[in-house]
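First the structure, in the form of C-alpha cells, and then the observations on it.
What follows draws every value from the coordinates through simple rules; no lab data is involved. These numbers come from a predicted model, not from an experiment. For neighbour counting, all protein chains shown are included, and Cβ atoms are generated from backbone atoms with ideal geometry for every residue, glycine included.
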C-alpha cells in the first residue's frame, strides 16, 4: 500500500479552495494524468455534501476508470474520498483546509491507496511521491490562476 501527504500554503480563501476541489468535472483540464471525470450524483445536506464520481486516469491507451465517493464535511472543512469500484483495491484520500490569515489557506492532502494489479502497484510505489507533488502543485497552480488576482 502506498501513502503520502503534502502540505501547502495557498494564496486563496478556504471556501474558494474547497469549491475548487469539489469541482471534479474540471479535473481533466488541470490534474496530471486525469483524462476524464464525471459526476453521477451530488447531494447537499446541512452538514455535508456527498458526490459519486468517475475519474479516468492514465495516459492514452493505458488508462483506468474508478468510481469514488466524495464527502465534504462542512463544519470540519474536511473532504474524504474513498473508492467504490474500479482498479483500486483501496483508496483513502483526505483534504484538510485551515485558514492562515486573510486570503491564505493551508491545505493538507493525504492519500493512501493500493491497486488490484500487483505489478502496476509496485511500479506506482516507485514514483508515488513525485506524482503526489505534481498533483498538489497542479491544484495550487489552478487556485492561483482562478483566485490570485494580486
(request) Return the single residue from 110, 60, 92 with maximal mean-square fluctuation; model: Gaussian network over the chain, springs between Cα atoms under 10 Å. (result) 60
(message) Which residue fluctuates most in the GNM of the chain (Cα springs below 10 Å): 29, 68, 37?
(response) 29
(request) Please find, in a Gaussian network model of the chain (springs between Cα atoms separated by less than 10 Å), the residue of 112, 23, 54 whose mean-square fluctuation is greatest. (result) 23
(request) State, to one decimal in nm, how far the label point of residue 96 lies from the label point of residue 5, with both points 7 Å from Cα in the Cβ direction. (result) 0.5 nm
(request) Could you compute the FRET efficiency for residue 15 and residue 133, with r as their C-beta to C-beta distance and R0 at 22 Å, rounded to 0.05? (result) 0.30
(message) Using only the alpha carbons of the chain, what is the convex hull's orientation-averaged projected area in square nanometres?
(response) 8.8 nm²
(request) Counting helices only, and only those DSSP H runs with n ≥ 4, report the 222 nm mean residue ellipticity of the chain as the sum of -39,500 (n - 2.57) divided by its residues, in deg cm²/dmol to the nearest 500. (result) -9000 deg cm²/dmol
(message) Place a point 7 Å from the Cα of residue 84 along the Cα-to-Cβ direction; which residues of segment 36-67 have their backbone N under 12 Å from it?
(response) 38-43, 50-55, 66-67
